Amino acid sequence: MEDIFRHAQGHGSALGEGISCLSQVLYLMYLARARKAISIAEIGFNIGFSSIAFLESSPQAKVTSFEINTETHVKSAKEFIDSRYPGRHRLIYGDSTQTVPAFQVAGPMDGFDLVFIDGGHEYSCAKADIANARRLAKPGATLVVDDMIPWFKWGIGPTTAWEEAVRDEIVTPLEYVSDALAVSRIQGPAERAWVVGQYR
Ligand SMILES: C[S@@+](CC[C@H](N)C(=O)[O-])C[C@H]1O[C@@H](n2cnc3c(N)ncnc32)[C@H](O)[C@@H]1O
(Lines give C-alpha, C1' and ligand atoms only; values in the text may rest on other atoms or scores of the structure.)
Protein backbone atom coordinates (compact mmCIF):
# COMPACT_ATOMS: atom_id res chain seq x y z
CA MET A 1 0.00 0.00 0.00
CA GLU A 2 2.81 2.35 0.90
CA ASP A 3 4.60 1.60 -2.36
CA ILE A 4 1.58 2.25 -4.56
CA PHE A 5 0.74 5.42 -2.58
CA ARG A 6 4.25 6.78 -3.17
CA HIS A 7 4.13 5.75 -6.82
CA ALA A 8 0.79 7.50 -7.42
CA GLN A 9 1.83 10.53 -5.34
CA GLY A 10 5.08 10.81 -7.27
CA HIS A 11 3.01 11.84 -10.26
CA GLY A 12 2.03 15.17 -8.76
CA SER A 13 -1.39 14.45 -7.23
CA ALA A 14 -2.56 15.34 -3.76
CA LEU A 15 -3.88 12.07 -2.40
CA GLY A 16 -5.57 11.28 0.87
CA GLU A 17 -9.29 11.08 0.30
CA GLY A 18 -11.27 8.26 -1.24
CA ILE A 19 -8.84 5.48 -0.44
CA SER A 20 -9.43 2.37 1.63
CA CYS A 21 -8.00 2.27 5.16
CA LEU A 22 -5.69 -0.55 6.25
CA SER A 23 -8.42 -2.36 8.21
CA GLN A 24 -10.66 -2.40 5.15
CA VAL A 25 -7.86 -3.64 2.88
CA LEU A 26 -7.14 -6.50 5.30
CA TYR A 27 -10.83 -7.27 5.67
CA LEU A 28 -11.35 -7.41 1.88
CA MET A 29 -8.30 -9.63 1.45
CA TYR A 30 -9.47 -12.14 4.07
CA LEU A 31 -13.07 -12.01 2.85
CA ALA A 32 -12.06 -12.82 -0.74
CA ARG A 33 -9.85 -15.64 0.55
CA ALA A 34 -12.56 -17.06 2.86
CA ARG A 35 -15.15 -16.99 0.08
CA LYS A 36 -12.69 -18.46 -2.44
CA ALA A 37 -13.36 -15.55 -4.79
CA ILE A 38 -11.14 -15.76 -7.85
CA SER A 39 -12.98 -13.52 -10.25
CA ILE A 40 -13.55 -10.14 -8.61
CA ALA A 41 -15.04 -6.85 -9.80
CA GLU A 42 -14.80 -3.48 -8.12
CA ILE A 43 -16.41 -0.19 -8.99
CA GLY A 44 -14.08 2.62 -7.88
CA PHE A 45 -10.35 1.99 -8.32
CA ASN A 46 -8.77 5.35 -7.41
CA ILE A 47 -5.17 4.40 -6.51
CA GLY A 48 -5.89 0.71 -6.24
CA PHE A 49 -5.82 -0.12 -2.52
CA SER A 50 -8.85 -2.42 -2.74
CA SER A 51 -7.46 -3.97 -5.95
CA ILE A 52 -4.31 -4.85 -4.02
CA ALA A 53 -6.43 -6.41 -1.26
CA PHE A 54 -8.10 -8.71 -3.78
CA LEU A 55 -4.93 -9.48 -5.76
CA GLU A 56 -3.17 -10.41 -2.51
CA SER A 57 -6.03 -12.71 -1.46
CA SER A 58 -4.88 -15.49 -3.78
CA PRO A 59 -2.32 -15.92 -6.57
CA GLN A 60 -5.23 -17.06 -8.76
CA ALA A 61 -7.37 -13.96 -8.12
CA LYS A 62 -8.11 -11.70 -11.09
CA VAL A 63 -9.63 -8.25 -10.68
CA THR A 64 -11.66 -6.07 -13.03
CA SER A 65 -11.98 -2.43 -11.90
CA PHE A 66 -14.34 0.22 -13.23
CA GLU A 67 -13.17 3.83 -12.79
CA ILE A 68 -14.34 7.15 -14.22
CA ASN A 69 -11.20 9.15 -13.36
CA THR A 70 -8.44 9.14 -15.96
CA GLU A 71 -6.04 11.44 -14.09
CA THR A 72 -2.34 10.67 -13.75
CA HIS A 73 -2.51 9.21 -10.24
CA VAL A 74 -5.04 6.59 -11.42
CA LYS A 75 -2.92 5.73 -14.45
CA SER A 76 0.26 5.46 -12.42
CA ALA A 77 -1.47 3.22 -9.86
CA LYS A 78 -2.58 1.01 -12.75
CA GLU A 79 1.03 0.84 -14.02
CA PHE A 80 2.19 -0.13 -10.54
CA ILE A 81 -0.39 -2.91 -10.27
CA ASP A 82 0.48 -4.26 -13.70
CA SER A 83 4.15 -4.40 -12.74
CA ARG A 84 3.42 -6.24 -9.45
CA TYR A 85 0.56 -8.47 -10.66
CA PRO A 86 1.09 -8.94 -14.40
CA GLY A 87 -1.92 -10.16 -16.37
CA ARG A 88 -4.23 -10.20 -13.33
CA HIS A 89 -5.84 -6.77 -13.41
CA ARG A 90 -8.12 -5.09 -15.92
CA LEU A 91 -9.16 -1.42 -15.65
CA ILE A 92 -12.19 -0.17 -17.52
CA TYR A 93 -12.38 3.61 -17.72
CA GLY A 94 -15.69 5.42 -17.88
CA ASP A 95 -18.87 6.06 -15.94
CA SER A 96 -19.89 2.78 -14.29
CA THR A 97 -23.56 3.49 -14.99
CA GLN A 98 -22.57 3.02 -18.66
CA THR A 99 -19.56 0.70 -18.56
CA VAL A 100 -20.94 -1.94 -16.17
CA PRO A 101 -24.11 -2.60 -18.23
CA ALA A 102 -21.96 -2.65 -21.40
CA PHE A 103 -19.53 -5.21 -19.93
CA GLN A 104 -20.11 -8.72 -21.24
CA VAL A 105 -19.64 -11.97 -19.37
CA ALA A 106 -19.98 -15.13 -21.45
CA GLY A 107 -22.47 -16.84 -19.12
CA PRO A 108 -23.61 -16.84 -15.47
CA MET A 109 -20.85 -19.22 -14.38
CA ASP A 110 -18.24 -16.95 -15.97
CA GLY A 111 -19.47 -14.08 -13.85
CA PHE A 112 -17.77 -12.54 -10.82
CA ASP A 113 -17.53 -14.34 -7.47
CA LEU A 114 -17.29 -11.09 -5.53
CA VAL A 115 -18.25 -7.49 -6.31
CA PHE A 116 -17.06 -4.46 -4.33
CA ILE A 117 -19.04 -1.26 -4.85
CA ASP A 118 -17.11 1.90 -3.96
CA GLY A 119 -17.60 4.22 -6.93
CA GLY A 120 -19.99 7.17 -7.30
CA HIS A 121 -21.63 7.96 -3.97
CA GLU A 122 -24.76 9.66 -5.31
CA TYR A 123 -27.89 7.60 -4.65
CA SER A 124 -28.63 7.09 -8.37
CA CYS A 125 -25.12 5.82 -9.07
CA ALA A 126 -24.94 3.46 -6.07
CA LYS A 127 -28.40 2.12 -6.91
CA ALA A 128 -27.46 1.53 -10.56
CA ASP A 129 -24.13 -0.08 -9.58
CA ILE A 130 -25.78 -2.59 -7.21
CA ALA A 131 -28.37 -3.55 -9.86
CA ASN A 132 -26.02 -3.56 -12.87
CA ALA A 133 -23.24 -5.50 -11.15
CA ARG A 134 -25.71 -8.23 -10.28
CA ARG A 135 -25.98 -9.10 -13.98
CA LEU A 136 -22.22 -9.67 -14.09
CA ALA A 137 -22.10 -11.72 -10.87
CA LYS A 138 -22.45 -15.47 -10.45
CA PRO A 139 -25.63 -16.57 -8.70
CA GLY A 140 -25.06 -16.15 -4.95
CA ALA A 141 -21.97 -13.97 -5.43
CA THR A 142 -20.65 -11.94 -2.51
CA LEU A 143 -21.35 -8.20 -2.59
CA VAL A 144 -19.60 -5.57 -0.48
CA VAL A 145 -20.87 -1.99 -0.45
CA ASP A 146 -18.73 0.67 1.19
CA ASP A 147 -19.78 3.72 3.14
CA MET A 148 -22.74 2.64 5.23
CA ILE A 149 -22.36 5.93 7.08
CA PRO A 150 -25.52 7.96 6.40
CA TRP A 151 -24.55 10.47 9.13
CA PHE A 152 -21.99 11.76 6.58
CA LYS A 153 -23.37 13.18 3.35
CA TRP A 154 -21.31 10.82 1.15
CA GLY A 155 -22.83 7.84 2.96
CA ILE A 156 -26.48 8.68 2.29
CA GLY A 157 -26.59 7.43 -1.32
CA PRO A 158 -24.87 4.05 -0.80
CA THR A 159 -26.80 3.36 2.44
CA THR A 160 -30.19 4.17 0.87
CA ALA A 161 -29.38 2.09 -2.23
CA TRP A 162 -28.27 -0.84 -0.02
CA GLU A 163 -31.39 -0.68 2.17
CA GLU A 164 -33.58 -0.69 -0.94
CA ALA A 165 -31.69 -3.68 -2.39
CA VAL A 166 -32.38 -5.61 0.85
CA ARG A 167 -36.04 -4.51 0.83
CA ASP A 168 -36.41 -5.51 -2.84
CA GLU A 169 -34.80 -8.90 -2.14
CA ILE A 170 -31.92 -8.33 -4.55
CA VAL A 171 -29.43 -9.08 -1.80
CA THR A 172 -29.30 -10.85 1.57
CA PRO A 173 -27.25 -9.04 4.25
CA LEU A 174 -24.54 -11.14 5.92
CA GLU A 175 -22.41 -8.77 7.98
CA TYR A 176 -22.04 -5.10 8.82
CA VAL A 177 -18.60 -3.82 9.74
CA SER A 178 -18.30 -0.54 11.60
CA ASP A 179 -14.90 0.88 12.53
CA ALA A 180 -13.45 -2.63 12.08
CA LEU A 181 -16.02 -4.34 14.35
CA ALA A 182 -18.80 -6.67 13.21
CA VAL A 183 -22.16 -5.16 14.21
CA SER A 184 -25.76 -6.24 13.74
CA ARG A 185 -26.99 -3.11 11.95
CA ILE A 186 -25.92 0.23 10.57
CA GLN A 187 -25.53 2.59 13.48
CA GLY A 188 -23.43 5.67 14.15
CA PRO A 189 -21.17 7.08 15.15
CA ALA A 190 -18.45 5.47 13.05
CA GLU A 191 -15.86 6.80 10.63
CA ARG A 192 -15.82 3.82 8.27
CA ALA A 193 -18.50 1.20 7.78
CA TRP A 194 -19.37 -1.26 5.05
CA VAL A 195 -21.69 -4.17 4.49
CA VAL A 196 -21.29 -7.68 3.10
CA GLY A 197 -24.17 -9.48 1.45
CA GLN A 198 -25.01 -12.12 -1.07
CA TYR A 199 -26.81 -11.53 -4.37
CA ARG A 200 -30.07 -13.46 -4.60
C1 LIG B 1 -13.67 5.93 -2.69
S2 LIG B 1 -12.82 5.91 -4.20
C3 LIG B 1 -12.42 4.21 -4.45
C4 LIG B 1 -11.39 3.72 -3.51
C5 LIG B 1 -10.84 2.37 -3.82
N6 LIG B 1 -11.89 1.36 -3.89
C7 LIG B 1 -9.86 2.00 -2.74
O8 LIG B 1 -10.08 1.05 -2.05
O9 LIG B 1 -8.87 2.68 -2.50
C10 LIG B 1 -14.13 6.14 -5.33
C11 LIG B 1 -13.69 6.10 -6.78
O12 LIG B 1 -14.86 5.96 -7.59
C13 LIG B 1 -14.66 6.70 -8.75
N14 LIG B 1 -15.98 7.00 -9.33
C15 LIG B 1 -16.86 7.97 -8.95
N16 LIG B 1 -17.95 7.94 -9.71
C17 LIG B 1 -17.78 6.92 -10.60
C18 LIG B 1 -18.55 6.40 -11.67
N19 LIG B 1 -19.76 6.91 -11.98
N20 LIG B 1 -18.05 5.39 -12.41
C21 LIG B 1 -16.83 4.85 -12.10
N22 LIG B 1 -16.05 5.30 -11.10
C23 LIG B 1 -16.51 6.32 -10.36
C24 LIG B 1 -13.89 7.94 -8.30
O25 LIG B 1 -13.20 8.53 -9.37
C26 LIG B 1 -12.97 7.36 -7.23
O27 LIG B 1 -11.71 7.04 -7.76
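The values are calculated or read from the model by the stated rules, or taken from the named source; none is laboratory data. Everything numeric in this text was worked out from a predicted model, so none of it was measured. With ideal geometry, Cβ positions are generated from the backbone for all residues, glycine too; neighbour counts draw on all protein chains shown. Ligands, DNA and RNA are stripped out before the accessible areas are found, and what is left, the full protein with its side chains, is counted by its heavy atoms. Shrake-Rupley method; radii C 1.70, N 1.55, O 1.52, S 1.80 Å.
For segment 148-198 and segment 27-49, compute the distance between their C-alpha centroids and round to whole Å. Spelled out, the Cα-based centre of one part sits 18 Å from the other.
The share of alpha-carbon pairs in segment 2-199 lying farther apart than 24 Å comes to 34%. Computed with a 1.4 Å probe on the full set of protein chains, the accessible area for Val166 sits at about 50 Å². Using a cut-off of under 13 Å, list every residue of segment 154-192 whose amide N is near the label point 7 Å from the Cα of Glu17 along the Cα-to-beta-carbon line. Only 154-155 pass the distance filter. For Leu143, the accessible surface of its heavy atoms amounts to roughly 0 Å² (probe 1.4 Å, protein chains only, rounded to the nearest 10). Restricting attention to the chain, close to 45% of DSSP beta bridges with both partner residues there are antiparallel. Solvent exposure of the chain amounts to 48 Å² per residue of accessible area, where only protein heavy atoms count and the probe is 1.4 Å.
Can you pull out the chymotrypsin sites (Phe, Trp or Tyr not before Pro) in segment 141-180 whose DSSP state is coil and whose Cβ has at most 16 other Cβ atoms within 10 Å? Could the numbers behind the result be given before it?
Working: sites: Trp151, Phe152, Trp154, Trp162, Tyr176; in loops: Trp151, Phe152.
The qualifying sites are Trp151, Phe152.
With all protein chains in place and ligands, DNA and RNA left out, the 1.4 Å accessible area ranks Ser83, Ser23 as Ser83, Ser23, largest first. Here the accessible area of the chain is 54 percent carbon and sulfur, with a 1.4 angstrom probe and all protein chains present.
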